[in-house]
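Engineer: One structure coming up, written as C-alpha cells, with questions to follow.
Quick note: the coordinates plus some simple rules give every number you see, no bench work behind them. Computed from a predicted structure; not experimentally measured. Quick reminder, even Gly has a Cβ in these numbers, built from the backbone with ideal geometry, and neighbours come from all protein chains shown.
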Amino acid sequence: MVYSDLIFILGMFPIVTIVSLFDRSAEYKNLILILASLLFFSWGRPFAVCLIFLSAFADWIFGMIIGKNRDKKALCAAFLTIDAIMNIGLFLVFGHNYIFAKFDKLSFEAAVLPVGIGFYTLRGFSYVYDVYKRNSVYEKNFFCLFTYMVSFHLMLAGPMVRYKELEPQIRHREITGTKLNDGLTRIVWGFGKVVLLAGVFERIKLAGLNGREITTVGCWLGMLSFMAQYYFLFTGLSDMAKGLGLVGGFEYPDNYENIEADGLFIGTVRSFNTTVVEFFGELFGCKKDKNAVLNFISYILCGCALSIWYEAKINFIIVGLCAGALAGLEKIFLSGVLSKLPSALKYLYILLAAMLIFGGLYFDSFYGYKKWLLALVGVNVKYSLSVSVKYAVLKNITLIAVAFFIVFSPAKRLFTGFWKKLSERSAAAYGRVMIAKTVFTALIFMISVITLAAEHAA
Amino acid sequence: MNDNAKQFNIIHGEKDKEYEIPEECALAEKASKELSQDNLEGHYRFINILTLAVIMLFTCIFFIAVSGSDIVEDNNASLSFKTFMSGDYTQAIEDTYNNSLPFPEAMKAIEERISLIYGIGNKVTDPIREIDDDTDVNHNSFDEPNGGDENDTDENVITTTQKSDNGEVTTTKKAEEKKKTTTTTAIDRPDESETSSTTTTGSTTTNNDKPYFTVTTTVPIDQPGPTTTTTTTETTTTTTTTTTSEPPEVTSSSSEETGEVE
C-alpha cells in the first residue's frame, strides 16, 4: 500500500484519523498509530513482514547498552558497529533483494519485500548513532521508540527525522485546527502531485526516451521529464507524509527544498530528500571545515553511500561518485567562481549538471548514455522532434505550466506573492483568496480521485 | 503602571501582575488588527477544514456504499488467521475495492472530459492516458544491442523483407543504406509507424517511419506474363504499384525501397 492508493486515501486514512480523535492522550494515539502501521505494511503482503519490526527491539537494546556504558568506549563502538551491520543487512536483504538473485535462501518474492525499509533502517541506526554521539539520551520506554520506528507517516518518503526531535511529540502532542487545516491541504496537494503531475511527466518520458524514434528534443524533454517524474512523485509523497503527520498531531520537517540558483549543484542535491542527504553528510563529515582533500573525499564517499541507499547498481554508484565529486569541487572552490554568475547562468549550470549526472540513472549501460549524449546535440538522430513527444507535451501543457510554477522558485515566488498581495488588500479580498484556495484544493482532490478511479476502471 | 492597567488586573483577579494595556495608541490598533486577522484566518481555516473533511468523507462513504459488493464472496478469501497472516485477505479486499469502484464508465467519461483542460489536442474519445502507438513502455531505444541478435532494430536501417512463393520470409538489413540523419524540424505525420506497401511479387519494405513519398523501382521481368505499371505521387506521399496480371509461376522478385527526401 502507498499513500496514493485509493484504498488508503479514502479508506484507511479517514478511519485512522477519526479513531485517533476518540481520545486525547498521546498513549492512545501512539497505540492507534502502531496498529495502523502494522496493517499498512502487512497489507497485501505476508504478515511476517512485520517481524522485521523486531529489529526495533534490537535498536532499543543497543541504545540502552550504549547509553548506560558511555565510559566504555570500546563496548559502545562495538555495539554501534553491530547495530550498523544489522541495519545494513536488513536493508540489503529486504531493500535491495535483487543483488541476492543467485542465492535461493536470500532471494525473496517481491510480494514479501516491505516498502520503506530504507527509511526504517536509517531511523533505527540514527537513533543508536545519536545515543553513541551523545546527541540524544537513550529511551527507556520501548513503545515510544517503537512508535518512532514503525510510524507509517515516515516510511515511504521520510523525512528522516531524528528521535531526539520527535520524542517530545511522541510523549505529548495536540491536534489543533491549524494542524488539521494544514495537514489536509498538504495531503491533497501531495496527492495531486503524485497522481496528476508525476503521471504527466511519465508519459512525456516514455514518448521521449522509450519511443521507437530517437529525436533531439525528445532526448532533452524525456530526460527532464524523467527527473521531474521522480521529483513530483517524491515531493508529493513527502507532502502527504507531512500532512499525515500534521493530522496526527506531529510536526515533521520538510523533506525537500526549493531549487534555488544560489544553492548551485549542492543545493539541488539537497533539495531532494533533504533530511537523508543531511544525515549522510553528517555521517561522512561533509560539513566540517577540514583539509580540502579530505573534504573532497568525504563528499565523494557521501555521494557513493547515498546512491547505494537508493539502488545498489553500478550506474547509481557512478552517478553518486560524480555527484559527490562535483559537490566536493563546489565546496572547495567552484562555488566561489560560480556565485559571481547571474542567476540565469546559475540555473543553466544546475540544469546541465543535473541532466548530465543524474541522466546516468536512466541508463543501464554506458552505450545508452553515450547514445543519449550524442542525441542531445543531434548526432545520429533523424528528426529534432517526434510526433509522439509533440503530442505528449501539447496534450499536457497546462499541467506542465503548473509544474513549472512549482519547481522554478522565481516563478513560484511571483505567483504566491501575487496572491498574498491580493489577500492583504482587505478582509473581503482575503476571504475571496482563501475561498478560492479551498475550492481549488477540493477540485484537485476530486480530479485526482476521478483520475485514479478511471485508471482502475480502464 | 497607569490606572487603566491596574483596573484591568483587578478585574481579572491578577493584582500582582503588571499588564500594560495600551490605550488609544498605535500599539492598541496594531493589537486589534492582529486579533481581527487571527479571527479572520481562523474563520477561513474552519471553512477549509470543513469543506475538505466533508468532501473526503462523502467520497469515502460513496466509494464504499455504492460499490457494495461482498468481499468474501467475490474473492473467495474469508477472514481467517491463515489468510490474514499470508496477506491474502487484505489483498483480496484491495482487489475487490478497486474492481468495484462505482460507475466505472462514468468515471472514465468524466476523466476524459477533465483531460480537455490539461492541454491542447485532447479528445473525449482519445484519453490522455492512452499511450501513443509509437511508445512502448518496455522498449528502450538506448539499450545496448546484443551481439549478433537479429531482433535488435536500428531505427535508421532500411529493412527489406521478401516473401518467397513457398512462404519463407527473408529479412535483409541494408546497413550501408541508412537513411539520412539530417536534423529536420518538427514533422506531423498522422499515421506513424506503418508498414508500407506490398507488390505482386510479395516484396515488403518495412521502415519505422512513413516517408514523405515512396520511390518504387520495378525490375522488369524478362518473361511473358505480368505487366507492371508504376505511379509515383509526390503530393500525397503515397506510391501506387499496380500489376495487371498475376500469373502464379512468377519466380523473379522485385524490391521496393523507401527513402526519405529532405
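Engineer: For the range A:395-458, what does the alpha-carbon gyration tensor say about shape, rounded, prolate or oblate, given a ≥ b ≥ c as the root eigenvalues, a/c under 1.5 as rounded, and a/b over b/c as prolate?
Structural biologist: Verdict is oblate for the range A:395-458.
Engineer: Provide, for the range A:257-376, the number of lysine pairs with alpha carbons under 19 Å apart, each pair being eight or more places apart or on different chains.
Structural biologist: 6
Engineer: What's the exposure ranking of A:L376, A:L306, going from fewest to most Cβ atoms within 10 Å?
Structural biologist: Starting with the residue having the fewest Cβ neighbours, the order is A:L376, A:L306.
Engineer: Further question: Calculate the FRET efficiency for A:L31 and A:K340 from the Cβ-Cβ distance with a Förster distance of 60 Å, rounded to the nearest 0.05.
Structural biologist: The calculated FRET efficiency here is 0.60.
Engineer: Give the residues of the range A:423-458 whose amide nitrogen is closer than 11 Å to a point set 7 Å from the Cα of B:H43 in the direction of its Cβ.
Structural biologist: What the label zone holds, given the 11 Å backbone N cut-off, is A:427-432.
Engineer: Quick check on chain A: helices-only [θ] at 222 nm, where DSSP H runs of length 4 and up contribute -39,500 (n - 2.57) each and the sum goes over total residues. Nearest 500, please.
Structural biologist: After summing the helix terms and dividing by the residues of chain A, the value is -21000 deg cm²/dmol.
Engineer: Now for a different question. Choose one of A:Y347, A:G360, A:V293: the residue whose Cα lies farthest towards the positive end of the charge dipole of the range A:287-366 (beta-carbon charges +1 Lys, Arg; -1 Asp, Glu; about the Cα centre).
Structural biologist: A:V293
Engineer: Summing Lys, Arg as +1 and Asp, Glu as -1, what charge do residues with Cβ under 13 Å from the Cβ of B:R45 carry, B:R45 excluded?
Structural biologist: Computed value for this residue: -1.
Engineer: Quick check: net charge around A:F146, other residues with Cβ under 10 Å of its Cβ, Lys/Arg +1 and Asp/Glu -1?
Structural biologist: -2
Engineer: While we're here: Of the options A:S238, A:A56, A:F22, report the single residue whose Cα projects farthest towards the positive end of the charge dipole of chain A (beta-carbon charges: Lys, Arg +1; Asp, Glu -1).
Structural biologist: A:S238
Engineer: Can you tell which of A:L10, A:S37, A:F79 lies farthest toward the positive end of the dipole of the range A:6-173, using +1 and -1 charges on the Cβ of basic and acidic side chains (Lys, Arg; Asp, Glu)?
Structural biologist: The residue sitting farthest along the positive end of the dipole is A:F79.
Engineer: Quick one: go through the range A:307-343 and flag any residue whose amide nitrogen is under 17 Å from the point 7 Å out along the Cα-to-Cβ line of A:Y98.
Structural biologist: The answer is A:307-320.
Engineer: Count charges around A:T121 for me, please; just the other residues with Cβ under 12 Å from its Cβ, Lys/Arg as +1, Asp/Glu as -1.
Structural biologist: Taking every Cβ under 12 Å from that of A:T121, the sum is -1.
Engineer: Please state the shape class of the range A:257-376: rounded when a/c is under 1.5, otherwise prolate if a/b exceeds b/c and oblate if not, all from the C-alpha gyration tensor.
Structural biologist: Taking the square roots of the gyration eigenvalues as a ≥ b ≥ c, the range A:257-376 is oblate.
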